[in-house]
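Written below as structure tokens is the structure these notes are about.
The values are calculated or read from the model by the stated rules, or taken from the named source; none is laboratory data. Small disclaimer: the values here were computed from a predicted structure and weren't measured. Cβ placement follows ideal geometry from the backbone for every residue including glycine, while neighbour counts extend to all protein chains displayed. Quick note on the areas: whole protein, heavy atoms, side chains included, nothing else; ligands and nucleic acids left out. Shrake-Rupley method; radii C 1.70, N 1.55, O 1.52, S 1.80 Å.
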2 protein chains.
Amino acid sequence: MTEPAFFVLTALVDEPRHGYGIAREVEKLSDGRVQLKIGTLYGVLDRLAADELVAPDREEVQQGRLRRYYRLTDSGARALEAEAVRLAANARSASERLRARHAGGMA
Amino acid sequence: MTEPAFFVLTALVDEPRHGYGIAREVEKLSDGRVQLKIGTLYGVLDRLAADELVAPDREEVQQGRLRRYYRLTDSGARALEAEAVRLAANARSASERLRARHAGGMA
DNA sequence: TCCCAATATCTTGTCAGCCGATATATTATC
DNA sequence: GATAATATATCGGCTGACAAGATATTGGGA
């Protein structure tokens, strides 16, 4: 799973959101570190929808602007959970090795 | 940082290794989950060397086969540490949200 | 002896995907 | 009337992952 896809799924965990709203939520939940590019966003959404990790939820017209909402599917939630576990494991193995190195490297 | 690059750096934390040895070490430290492709490996090494996150260490000829060793630079160790922190943060934010969802979603 | 597998390097070509740029449309502000 | 924010979508360039193949040595099995 690519990193933009990971963030899109994370942004959809609590409630359905529309494209622009996802981009703002991702920026918020990463403390401004990740700014999803608009050209990236819709491509990612298409791919996630094709894989059925997200699904179209509803469409609204608010103040004349179309909002197309997406929600996380059960399959998407499982995929996100698995990816989170994988990332945590990767981070842990690197951190452990670095710690051993600074501790004097008992190779 | 791309995932293959992350694994290459991790494999070099404890000691310098040559290309083939890196591939075997990555497979080992990921419990067989990550099998670095040979075409990926050398491209990644070139890019990491250009960025000075790894550096050529020495060359050996063992049993007629050339071994070109690479070592992690201080800059590489710092980059790996930062990436590990970032991955851990990403994994944590996703896991927390998923936990809240299963707990009943107090949105 | 000959072929294959393992070890070891590197190159080339294809495909996926990120992202900048652009287009379109509405509302609000200046 | 121009600009910014909100909101959608597409296109093209570039980077990077990876399959495949080239090259070379050692050792084992048919």
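A few notes on this one:
- In chain B, the trypsin sites (Lys or Arg not before Pro) that fall in loop regions by DSSP, at most 14 other Cβ within 10 Å: B:ARG33, B:LYS37
- The mean accessible area for residues of segment B:3-101, using a 1.4 Å probe and ignoring ligands and nucleic acids, is 54 Å² per residue.
- Residues along segment B:12-31 losing 50 Å² or more of accessible surface when the other protein chains are present rather than the chain by itself (probe 1.4 Å): B:VAL13
- Label distances, nm, B:ALA103 versus same residue in remaining copies, Cβ-directed 7 Å point: 3.2
- Helix screen, chain A: DSSP H segments with Cα axial length of 18 Å or more and mean Kyte-Doolittle hydropathy at least 0.5 are A:38-50.
- Mean separation of Cα contacts under 8 Å, 6 or more apart, over the residue count of chain A: relative contact order %: 27 percent
- Cβ-vector label at 7 Å, B:TYR20, separations to other copies in nm: 5.7
- Label spacing, shortest first and in nm, from B:GLU52 to its equivalents in the remaining copies (7 angstrom along Cα→Cβ): 5.1
- Considering only chain A, the C-beta nearest to the rotation axis that sends A to B is found at A:LEU87, 2, the distance in whole Å.
- Carbon + sulfur, % of accessible area of chain B - ligands and nucleic acids excluded, 1.4 Å: 49 percent
- Each chain gives up part of its surface: B and A jointly bury about 2600 Å² of accessible area, both sides summed, for a 1.4 Å probe.
- Counting only the Cα atoms, segment A:1-96 fills a convex hull of 102 Å³ per residue.
- Relative to one another, the C-alpha centroids of segment B:46-76 and segment A:5-40 are positioned 38 Å apart.
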